[in-house]
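For reference, the structure is listed below as structure tokens.
The values are calculated or read from the model by the stated rules, or taken from the named source; none is laboratory data. Bear in mind that the values here come from a model prediction, so they are computed numbers and not experimental data. As a convention, Cβ positions derive from the backbone with ideal geometry for all residues, glycine included, and neighbour counts pool all protein chains shown. With ligands, DNA and RNA removed, areas are computed over all heavy atoms of the protein, side chains included. Shrake-Rupley method; radii C 1.70, N 1.55, O 1.52, S 1.80 Å.
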Amino acid sequence: WMLLVLFMLWPWMLSPFRVAAFFGWLRTNRFAALCLLLLSLLGAHFFTFAHPFLLADNRHYTFYLWKNLYRRVAMARYLIAPVYIFGGWSCSHSLVRMCSPSWVCWFLLCACIVVVPTGLLEFRYFLTQTVMLLLHQPLYSQLPSKSDIKSNSKGCRLETTRGVVGGE
């Protein structure tokens with residue numbers, strides 16, 4: 001899902017401000033970053049499997065992604081772990097700034113309930129979470145500080161002292 005989010009939201013997720021903030025986070029939280037890297041590598045090792053439908057249906061680009069990348073390059077699933085970490089950090093960084101902690105927890109729980117049991121690598125299963133994430137991103141031109149943000153009754157912070165940051 002992180003790869004889809006980074007691909008769909010690349011102008012926002014790969015901004016120089018966001019990348020610099022991520023490297024700053026890495027410098028200050030080395031132990032947490034190492035733990036996340038270890039968890040990502042273990043997840044890639046133990047939970048990457050080829051579903052029979054994925055290998056049999058050559059009408060979808062996920063078939064060719066699996067056939068040409070994951071099957072041929074044994075280390076591909078491990079080399080992409082830092083990208084997963086950056087994507088997860090970037091999403092959580094945005095959501096924590098814009099939404100209440102309870103909304104973020106419910107969002108992550110619902111995303112896991114939808115994605116984990118699927119078993120297939122089909123991007124349509126990730127579309128709802130990606131759209132919800134996109135709708136809860138601040139506008140690129142307005143990066144509010146925490147002191148500028150006011151909460152609404154629904155848990156997402158929609159308005160700042162400088163103007164509206166997101167909408168319903």
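Take the Cβ atoms of Ala74 and Phe123, set R0 to 35 Å, and the FRET efficiency comes out at 0.90.
If R0 is 25 Å, what FRET efficiency do you get for Leu135 and Phe31 from their C-beta distance, rounded to 0.05? Calculated value: 0.15.
Across the accessible surface of region 69-139, with the other protein chains kept in place and a 1.4 Å probe, carbon and sulfur atoms take up 76 percent. Extent along the principal axes, Cα only, for region 1-101: 43, 27, 26 Å, with the longest axis given first.
Remark on His51: its backbone amide H falls under 5 Å from none of the residues 5 or more positions apart or on other chains, H modelled at 1.01 Å from N. The listed residues Phe123, Phe46 rank as Phe46, Phe123 when sorted by accessible area, largest first, using a 1.4 Å probe.
Taking amide H atoms as placed 1.01 Å from N in the peptide plane, the amide H of Cys99 lies under 5 Å from those of Arg157, each 5 or more residues away in sequence or on another chain. Checking every one of the chymotrypsin sites (Phe, Trp or Tyr not before Pro) in region 47-103 against DSSP loop status and a limit of 15 other Cβ atoms within 10 Å picks out Phe49.
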